[in-house]
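Undergrad: Here's a structure for you.
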Amino acid sequence: MTAINQNFADFSHGARPVQPSLGRGAAQSQVNIRPGGSVSAMLLRLLGGCMVLASIGIWLAPEAGADPQLALVRMGITVFLMFLGLCLLLQRETTDQPEFQFDAQRAEMRVEEIRADGRPVVVLRRSYRSLGAARFSDKTLQIIETNGTILLELPLEGRATRRLLMSQIRPHLPILD
């Protein structure tokens, strides 16, 4: 979706606003947030890297496999660790994360998902008037329903993204501490 004055925060590469210098008090017309990968995926990639290094490290031990039969076992362990480590390193999460859009011109929040054919589909559309409040912490944004339950919680990376969202949401929603 393309819009004038759009800001897209891609959390897989760090949050960087498209237009970082707006005037004082000016708010973006639309802010998009797509949460990044999970901690478990990062730990699996770290484990994969350790396995690849271990497969190389087996051969660095001097005189550990002077016997030809042990060398064959060492070769099998090396291939196994290398293959499994590369599989873990190159593994990508198959589920596409939804994109959260905060649109000031329409005064609404949208959640979009990408279908299998590549088309975006709006899953949730809520006007700012139908929402209760917003709560900002150092690293998250919570959107709260009018009855006090948490509708969604989004990770925020960087002060610029936090400032952009706060300047856009503040005129429409009360900000809780």
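Undergrad: Through the Karplus equation 6.51 cos²θ - 1.76 cosθ + 1.60, θ set to phi - 60°, convert the phi angles of the range 172-177 into ³J(HN,Hα) values in whole Hz; use x for Gly and Pro.
TA: So the Karplus estimates, Gly and Pro as x, are 10, 10, x, 9, 8, 8 Hz.
Undergrad: What FRET efficiency, computed as 1/(1 + (r/R0)^6) with R0 = 22 Å and r the Cβ-Cβ distance, is obtained for ILE175 and ARG125, rounded to the nearest 0.05?
TA: That pair, ILE175 with ARG125, gives E of 0.50.
Undergrad: Also: Can you run phi through the Karplus equation (6.51, -1.76, 1.60; θ = phi - 60°) for the range 106-111 and list ³J(HN,Hα) in whole Hz, with x for Gly and Pro?
TA: Each residue of the range 106-111 in turn: 8, 6, 8, 10, 10, 10 Hz.
Undergrad: Same structure again: Under 5 Å between amide hydrogens, which residues at least 5 positions from GLY132 or on another chain qualify, with H placed 1.01 Å from N in the peptide plane?
TA: So GLY132 has HN proximity to ILE144, GLU145, THR146.
Undergrad: Give the long-range amide H neighbours of GLU108: residues separated by 5 or more places, or on another chain, with amide H under 5 Å away, using H modelled in the peptide plane at 1.01 Å from N.
TA: Under 5 Å from the amide H of GLU108: ASP103, TYR128.
Undergrad: Work out from phi, with θ = phi - 60° and the Karplus expression 6.51 cos²θ - 1.76 cosθ + 1.60, the ³J(HN,Hα) of each residue of the range 114-130, listed in order in whole Hz, and give x for Gly and Pro.
TA: So the J values, rounded to whole Hz, are 8, 6, 5, 7, x, 8, x, 10, 6, 8, 9, 9, 9, 6, 5, 5, 7.
Undergrad: What net charge is computed for the residues neighbouring ILE144, neighbours being all others with C-beta under 11 Å from the C-beta of ILE144, Lys and Arg scored +1, Asp and Glu -1?
TA: Charge balance in the 11 Å sphere: -1.
Undergrad: Something else now. If you place +1 on the Cβ of every Lys and Arg and -1 on the Cβ of every Asp and Glu, how big does the dipole about the Cα centre of the range 133-177 come out, in debye to the nearest 20?
TA: 220
Undergrad: Could you work out the equivalent-ellipsoid semi-axes for the range 82-134, taking the square root of 5 times each eigenvalue of the Cα gyration tensor, largest first, in whole Å?
TA: Square roots of five times the eigenvalues give 35, 13, 8 Å.
Since every read-out is calculated from the coordinates, none of them should be taken as a lab result. Please read all numbers here as calculations on a predicted model, not as lab measurements. Note: ideal-geometry Cβ built from the backbone for every residue, glycine included; neighbour counts use all protein chains shown.
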